[in-house]
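I have a structure here, written as structure tokens, and I will follow up with some questions on it.
The values are calculated or read from the model by the stated rules, or taken from the named source; none is laboratory data. Owing to the predicted nature of the structure, the values given are computational and were not obtained by experimental measurement. In this analysis, Cβ positions are derived from the backbone assuming ideal geometry, glycine residues included, and neighbour counts consider all displayed protein chains.
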Amino acid sequence: MYIGRIGLKNWKNFKDARANLARRVFLVGPNASGKSNLLDALRFLRDVARDGLRSAVDIRGGISPLRCLAAKGSSSIAVEVVLCDDDGVNAWSYHIELNQDASRIPRLRRELVKDLRTGETIIDRPNDADQDDAVLLTQTALEQIIANRRFREVAEFFNSISYHHLVPQVVRDPKSFSAAPIQNDPFGRDLLLRIWNTDRRTRQAWLKRIGSILSQAVPQLKGLEVDMDDQGVPHLVGRYEHWRPHDAKQNESQFSDGTLRLFGLMWSMFEGTGPLLLEEPELSLHPEIVRELPQMFVQLQNEIRKMKKRQKHSARQVFISTHSDEMLRDKGISAEETLRIVPGKEGSVLQEADEKDRSLMKAGLTVAEVILPKTAPFPGQLQLSF
């Protein structure tokens, strides 16, 4: 299953925006246009399914920081998605609309779940029970095991969404950034522990495949493994060819930023099954490596399918926000896979490739040549003088 369409109302940069989505989505747009905020709308659905509405709003600072500055008339915030099955057929729609009460507690204005295969409405709130007890509107049906029974597939799908933005310094020294243990940290504080806790055979298989790809970018790398030191701290260890008879070894403290980020990108592909959200994966990487990233993701998907021995294995949906000219010069990226965010006084909008864009790309031009230039500042906009 994957997200085939998204709609946003009064969500951060977006007053009213909607777009169709492919199995792989490249998000492009100017700085501060809303690329991260679009990804955060998907993370919000995950957080509601996993931790509940109140927690999902609170970790974002409340309702006010979520509301678009251009909101007029209705001040309610809404996120809506259509989920497609592996054949591309619309399967589910989920709509959540919220605001806050006088005590600034988030409350539902609307929650709507439809099974698009049968046309049946599964949830439509507020309902009679909500009218009798308004406190019920502080929780979604999505987060409740009993209430989501008939559409638990949707809740489990949202829960499978993962966000990755690895910070090498955090991986090397997680305790300097957080003394308390952190679970599923997108910045990498628990990355090595997650690797260590992965089933041993699975971990070795993943590391072997990642190492074979990583060795193409890292000279002399022969293999990867994970060891636990005497203090109970796991370490990522690279074995390198060396002039001595035995391999030389280095752990994550000696890896370059680029090596750690590239490793993290590949591990994230193996680690989950749901939509994967990546912000600027080109950071710290050599331009020639960045050029290969789109095909690397395809290659990793194929490796995962082979490992699972499923000819019909469903590839993960991947969202990639980027400014990289090198990455977007990959001719394997289609116009349908590109989504441009266009800022404006009335909020940002989501712009799919138009007919002219599609024609130019069919003629052999790339996203970097056709769509990326449209995200550049207009002439005279940048005056960085003091």
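Give the residues of the range 292-347 that are touching a strand residue (DSSP E or B) at 6+ places or on another chain (Cβ under 7 Å) and on the phi > 0 side of the Ramachandran plot, sorted by residue number.
Hit for the range 292-347 is Gly347, nothing else.
Here is a further query. Checking the condition touching a residue at least 60 places away in the same chain (Cβ under 8 Å) and closer than 14 Å to Gly211 by Cα, which residue from Phe263, Phe255 passes? Write out each step before concluding.
Numbers: Phe263 fails: touching a residue at least 60 places away in the same chain (Cβ under 8 Å).
Step by step, each of Phe263, Phe255 is checked, and only Phe255 is touching a residue at least 60 places away in the same chain (Cβ under 8 Å) and closer than 14 Å to Gly211 by Cα.
Follow-up. How many residues does the range 171-207 hold that are more than 26 Å from Ala49 (Cβ to Cβ) and not aromatic (Phe, Trp, Tyr)?
14
Where in the range 72-155 are there strands (runs of 3 or more DSSP E), lying wholly inside it, with at least 1 residues that are crowded, with 20+ Cβ neighbours inside 10 Å, hydrophobic (A, V, I, L, M, F, W, C) and within 26 Å of the chain's Cα centre (by Cα)?
Numbers: elements: 77-84, 90-100, 106-115, 120-125.
Once the strands (runs of 3 or more DSSP E) in the range 72-155 are filtered for at least 1 residues that are crowded, with 20+ Cβ neighbours inside 10 Å, hydrophobic (A, V, I, L, M, F, W, C) and within 26 Å of the chain's Cα centre (by Cα), what remains is 77-84, 90-100, 106-115.
For the range 8-18, state whether one or more residues are in a loop (DSSP other than H, G, I, E, B), in contact (Cβ under 8 Å) with a residue 60 or more places away in the chain and out of contact with any Lys or Arg (no Cβ under 8 Å at 6 or more places or on another chain). Working first, answer last.
The first filter runs over the range 8-18 and keeps only residues in a loop (DSSP other than H, G, I, E, B), leaving 12-13.
Pick out the ones that are also in contact (Cβ under 8 Å) with a residue 60 or more places away in the chain and you get 13.
In the following step, the residues that additionally are out of contact with any Lys or Arg (no Cβ under 8 Å at 6 or more places or on another chain) were identified as 13.
Yes: the range 8-18 contains one or more residues that are in a loop (DSSP other than H, G, I, E, B), in contact (Cβ under 8 Å) with a residue 60 or more places away in the chain and out of contact with any Lys or Arg (no Cβ under 8 Å at 6 or more places or on another chain).
Give the residues of the range 113-160 that are within 25 Å of Gly61 (Cα to Cα) and aliphatic (A, V, I, L, M), sorted by residue number.
Ala134, Val135, Leu136, Leu137, Ala141, Leu142, Ala155
Next question, about the same structure. Can you go through Thr273, Thr259 and tell me which one is of a type in the set (S, T, N, Q) and either on the phi > 0 side of the Ramachandran plot or outside any helix (DSSP H, G or I) (or both)?
Values: Thr259 fails: either on the phi > 0 side of the Ramachandran plot or outside any helix (DSSP H, G or I) (or both).
After applying the criteria, what remains is Thr273.
Here's a follow-up. I'd like the full set of residues that are closer than 29 Å to Arg107 by Cβ and either surrounded by fewer than 22 Cβ atoms within 10 Å (Cβ to Cβ) or touching a Ser or Thr at 6+ places or on another chain (Cβ under 6 Å) (or both), limited to the range 18-34. Outline the logic, then answer.
Looking only at the range 18-34, we keep the residues that are closer than 29 Å to Arg107 by Cβ, and these are 18-19, 21, 34.
Arg18, Ala19, Gly34, listed by residue number.
Further question: Could you say which residue among Asp124, Asp185 is without any contact (Cβ under 8 Å) to a residue 24 or more places away in the chain and closer than 20 Å to Ser93 by Cα? Working first, answer last.
Details: Asp185 fails: closer than 20 Å to Ser93 by Cα.
Only one candidate qualifies: Asp124.
Could you check how many residues of the range 137-155 are touching a residue at least 12 places away in the same chain (Cβ under 8 Å) and either touching a helix residue (DSSP H, G or I) at 6+ places or on another chain (Cβ under 9 Å) or outside the structural domain of Ile123 (by TED's automatic domain parsing) (or both)?
9
Mind checking which pairs have a first residue in the range 349-376 that is under 24 Å from Leu38 (Cβ atoms) and a second that is among the hydroxyl-bearing types (Ser, Thr, Tyr), Cβ under 6 Å, 6 or more apart or different chains?
Sorted first by the residue in the range 349-376, then by its partner, the pairs are Ala353/Thr338; Val367/Thr338; Ile371/Thr338.
Filter the range 16-63 down to the residues that are touching a Phe, Trp or Tyr at 6+ places or on another chain (Cβ under 9 Å), under 20 Å from Ile371 (Cβ atoms) and β-branched (Val, Ile, Thr) and list them by number.
Val25
Please work out which one of (1) more than 21 Å from Arg340 (Cα to Cα); (2) within 18 Å of the chain's Cα centre (by Cα) is the condition Arg5 fails and give its number.
Checking Arg5 against (1) more than 21 Å from Arg340 (Cα to Cα); (2) within 18 Å of the chain's Cα centre (by Cα), the one that fails is (1).
Now for a separate question. Search the range 196-237 for residues being in contact with an Asp or Glu (Cβ under 7 Å, 6 or more places away or on another chain) and assigned to a helix (DSSP H, G or I), and hand back the single one that is nearest to Gly264 (Cα to Cα).
Among those residues, the one meeting the criterion is Leu207.
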